[in-house]
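> Starting off with a structure, shown below.
Nothing in this text is a laboratory measurement; each read-out follows from the coordinates by a stated rule. Just so you know, these numbers come straight off a predicted model, no measurement behind them. Note that each Cβ is placed from the backbone with ideal geometry, even for glycine, and that neighbours are counted across all protein chains shown.
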Amino acid sequence: MALTGLEIYKILPQTNCKDCNYPTCLAFAMKLAAKQASLKDCPHVSEEAKVKLEAASAPPIALVTVKSDGSEVKVGNETVLFRHEKTFYHKPGLFWHLRDTEDTEELKGKAAEAEAYHVDYVGIDLYLDGFAVEAASGDPGTFKAAIEAIQSESKKPLILIAPSADLAQAGLEAAGDSRPLLYAADANNWEEIAGVAKAKDVPLTVRGESLDELAELTEKIAGVGVEELVLDPQITGYLDSLELLTTLRRLALKQTFRPLGYPIITFPGADAEADETLLAAEHITKYGGFVVLEEFNPASLYALLVLRQNIYTDPQKPIQVQPGIYEINSPDENAPLLVTTNFSITYFSIANEVEGTGWPGWLLVTDAEGMSVLTAWAAGNFDAERIAKDAKAFDVEGKVSHRKLIIPGHVAVISGELEEEMPGWEIMVGPREAVDINSYLKAMWSN
Amino acid sequence: MTIEIPVEKWAGSVREVTIGATAEDGGTRSHTITVGGETSLPFLHFEGQTPNRPILALEIRDRKPDSWSPLLLEAWGEAAEDPGAWAKAAEEAGADMIYLTLSLTNADGEPNTPEAVRTAVRKVLDATGLPLAVAGPGQAEIDNELLVPVAEEAEGERLLLGVCEDKNYRTIVAAALAHNHLVQSRTPMDVNLSKQLVILIHDMGLPLERIIMDPTTGALGYGIEYGFSVMERLRLAALQGDAMTQQPMLVNPGYEAWKVKESKIGEGVPENWGDWKRRALEWEAITATTLMHSGADILVLQHPDNLRRLRAVIDALASPATTT
């Protein structure tokens, strides 16, 4: 549990020496509590105080880093149960489950397919994070060959599913310089697997039948020096998943229960009863860390990646684009002029749509504090006055020779007022949805 | 080691609201549905009750819609030609409730009329015994013009009438009061606005047991996170005892998800968007399932296949606690 400023003050030297560049120890303590200063700035702090503060400031959910040549996936370090309380920080990693019992050519083909998979969502590049390769054959040589085959096509990070020390060893050798997540230590094999993880300094998954067993195992494993751990509570369906993952998040955050303060791995496709996509969606929303998918389906993956992006957006900072006048498809002075807000999803929906139709157009993006059309209108950030002001500021009169402005259908009600604010302009009420822009322009734009 | 499972104690609960009326209560529905009553966050049976499952409604129209995705029209086939047949098909697909949205115009592009909507509502009531929600086309004056005759036509059926918004709720609430119906109180993704409209409606004399709160949402990729967080905040406020946030919540993931490009368009989109039908179905299903986790009590869908998928999720989540 984080300490308050006063609690920190009590263990500081209390000399007000100013060596930390703050006027008093209390002021420094307050900055420490707000995480705006570092204990290193105090040259006089006692060892005992250091230990106490470090223990208290360790994140309640450990950060786990899986890396390969080129990319990395970090999960954990979450601080809240609900995204509105602050934000969710580290997006769960989405991995595709592959098995070494498949032919190496097949594996290469799959790795190449996943490697080529990129989708653009509001200017953000979305892709699969990596592969979870399972030593299903039980043979170290086969496992090695499978990993090498996959790595010949894709450098994405790996999870190595290896139930014994020699398989884990073989897998790590094949993985070379990368830093995979090892899966999994359980009550029977933990000593030998933890030994391999420690020697190679890689994160390790711990699997247990119950939370009690998991907590006992993580303490033992942390005790031998493997500190980056991931939990597999072995969920099966929608309900036990929700209960277990919520309980784990609460134990870590509300009770600072260190033995279970680690990110969680789930296999939403393992339960034949559940719909893999919908269970994976639950894991993205409710506290999953690594999500291992049985099926690689572009349509479903796109939807899950977008969900992950949405849920992990910082609620305090809507993604915004710069207000201004944007050119689409090299417009001339006769091209239609549309206006919208600077909320990025709104902007991209419209910009992509206009671009896709082939219409040259001007898009006036007003400063609506990053809100969507209706929300901005309700909040007074997208009214006639604001639009008229930005139209002037970005010199729309110098861009187009006509005097016609198309406003979003959702704010049809402001058209009269806007005509008063922009004398000489005809205000046209456009469609409510971006997807209808093409048919609207076809019907309404005569130039 | 024995770990104590953290359990939250909540002071408040969600209000129970019943939609529809059987002959006993002056209606003609074969049964009623009750939503709300939760005393915990969604589905956490180890700390509270979920006495009523979330319900799944299917949206139908009073005539075949002009702008629906071809995938939806294909799924409904000929049923979409007639509101009675459509309601029957929705019941057969497993809907708990029918959500009928009235069109702005008739098929010839002329304004919809009170007579026409009376006929459509009558057809739906005759075709199925399910409880019914009826929403106007979404333009204040026309909504009022059409919903008043609907309220009269379905006197005593305890319809859910929609939608009340802060700029237009008085006429609809008055019609609900006069003819024994409920209302849908919709506000644009904001906790305080949600609360405020419930208060305004309640101040007109409509009991809280007849108000369903619609906090609005965005589709996956189009602002779902706003709707999601507003719903989580509303539900937390309800459990903490804030009386005017304790109405059950309705959201319309079907409408939201099926109007976006990912669902509507099959051609000229990036190849990595994958198979159109699968993508469109995932869009609606993920939008719905995510909102269920943020506290939705009524989910209005548009595709019958997704109703079956969501039903399986609800069956699993809403069954009583087995693990504690």
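> Give A:K110/A:K220; A:K31/B:K195; A:K67/A:K144; A:K286/B:K9 a once-over and call out the pairs whose C-alpha atoms are over 29 Å from each other.
Numbers: A:K110/A:K220 38 Å; A:K31/B:K195 37 Å; A:K67/A:K144 18 Å; A:K286/B:K9 20 Å.
Violating the 29 Å Cα-Cα cut-off are A:K110/A:K220; A:K31/B:K195.
> I need the peptides B:57-63, A:84-90 ranked by packing, meaning the mean over residues of other C-beta atoms within 10 angstrom, with the highest value on top.
Working: B:57-63: 23.9, A:84-90: 16.7.
Result, highest mean first: B:57-63, A:84-90.
> Which ordering of B:H181, B:H293 is given by a fewest-first count of other beta-carbon atoms within 10 Å?
Working: B:H181 28, B:H293 21.
Placing the least packed residue first, the sequence is B:H293, B:H181.
> Further, regarding this structure: Other chains' Cβ within 10 Å of A:281-287 residues: what's the mean? List each step's numbers first, then the result.
Working: counts 10, 7, 0, 2, 9, 5, 0.
Mean number of neighbouring Cβ atoms from other chains: 5.
> Which is farthest toward the positive dipole end of the protein assembly as shown among A:A187, A:A197, A:T366, measuring Cα position about the Cα centre, with Cβ charges +1 (Lys, Arg) and -1 (Asp, Glu)?
Result: A:T366, furthest along the dipole toward the positive end.
> Let a ≥ b ≥ c be the square roots of the eigenvalues of the Cα gyration tensor of chain A; is it rounded (a/c under 1.5), or, if not, prolate (a/b larger than b/c) or oblate? Could you put the intermediate results ahead of the total?
On the way: a/c = 2.67, a/b = 1.48, b/c = 1.81.
Cα axes put chain A in the oblate bin.
> Additional query: Taking only the alpha carbons of the protein assembly as shown, what extent do you get along each of the three principal axes, in Å, biggest first?
Principal extents (Cα only, largest first): 79, 69, 67 Å.
> Can you put A:K399, A:K317, B:K259 in order, fewest other beta carbons within 10 Å first? Numbers along the way, then the final one.
Numbers: A:K399 16, A:K317 9, B:K259 20.
Going from sparsest to densest Cβ surroundings: A:K317, A:K399, B:K259.
> Would you order A:T4, B:T289, B:T171, B:T128 from fewest to most other beta-carbon atoms within 10 Å of each residue's own beta-carbon?
A:T4, B:T171, B:T128, B:T289
> Could you point to the residue in A:N77, A:A29, A:W96 farthest towards the positive end of the range A:9-101's charge dipole, with +1 and -1 charges on the Cβ of Lys/Arg and Asp/Glu respectively?
Going by the Cα projections, it comes out as A:A29.
> How crowded by other chains is B:268-278, given as the mean number of beta carbons from other chains within 10 Å of each beta carbon?
Working: counts 2, 2, 5, 4, 11, 6, 9, 4, 1, 1, 7.
The shielding value for this peptide is 5.
> Here's a follow-up. Specify the residue with the greatest mean-square fluctuation among B:G77, B:G48, B:G156, computed from a Gaussian network of chain B linking alpha-carbon atoms under 10 Å apart.
In this elastic network of chain B, the residue with the biggest mean-square fluctuation among B:G77, B:G48, B:G156 is B:G77.
> Kindly write out, for the range A:323-334 in residue order, the coupling ³J(HN,Hα) from the Karplus curve 6.51 cos²θ - 1.76 cosθ + 1.60 (θ = phi - 60°), rounded to whole Hz, with x marking Gly and Pro.
3J(HN,Hα) across the range A:323-334, in whole Hz: x, x, 10, 9, 9, 10, 6, 6, x, 10, 6, 9.
> 5 Å is the cut-off here: which amide hydrogens, built 1.01 Å from N in the peptide plane, fall below it relative to A:E134, excluding neighbours closer than 5 in sequence?
Residues meeting the amide H criterion: A:L98, A:R99, A:D100, A:I161.
> Can I ask one more? Apply the a/c threshold of 1.5 to the C-alpha gyration tensor of the range B:19-317 and tell me whether it is rounded, prolate or oblate.
Values: a/c = 1.43, a/b = 1.03, b/c = 1.39.
Taking the square roots of the gyration eigenvalues as a ≥ b ≥ c, the range B:19-317 is rounded.
> Continuing with the same structure: What length, rounded to one decimal in nm, is gained on full extension from A:A199 through to A:S446, with 0.36 nm per residue of separation minus their alpha-carbon distance?
On the way: separation 247, 0.36 × 247 = 88.92 nm, distance 7.20 nm.
Once the chain is fully extended between A:A199 and A:S446, it gains 81.7 nm.
> Still on this structure, I have one more. What list of ³J(HN,Hα) couplings, whole Hz, do you get for the range B:240-252 from phi and the Karplus terms 6.51, -1.76, 1.60, once you set θ to phi - 60° and write x for glycine and proline?
Result, rounded to whole Hz: 7, x, 6, 4, 7, 10, 8, 6, x, 10, 10, 9, 10.
> Show the residues, 5+ positions off or on another chain, whose built amide H is closer than 5 Å to the amide H of A:F382.
The answer is A:W377.
> If you don't mind, there's one more thing I want to ask. Averaged over peptide A:239-249, how many Cβ atoms belonging to another chain are found within 10 Å of each residue's Cβ? Write out the running numbers ahead of the final one.
Details: counts 13, 4, 2, 8, 11, 2, 0, 9, 7, 1, 1.
If you average over the peptide's residues, the count of other-chain Cβ atoms is 5.
> Let me ask something else. Would the range A:324-444 count as rounded, prolate or oblate if I go by the C-alpha gyration tensor, calling it rounded below 1.5 in a/c and otherwise prolate when a/b exceeds b/c, oblate otherwise?
Details: a/c = 1.39, a/b = 1.13, b/c = 1.23.
In terms of gyration-tensor shape, rounded.
> Still on this structure, please answer the following. Could you give each residue of the range A:78-83 its phi-based ³J(HN,Hα) in whole Hz, using Karplus coefficients 6.51, -1.76, 1.60 with θ = phi - 60°, and x for Gly or Pro?
Each residue's phi maps through the Karplus curve to give 7, 10, 9, 8, 10, 4 Hz.
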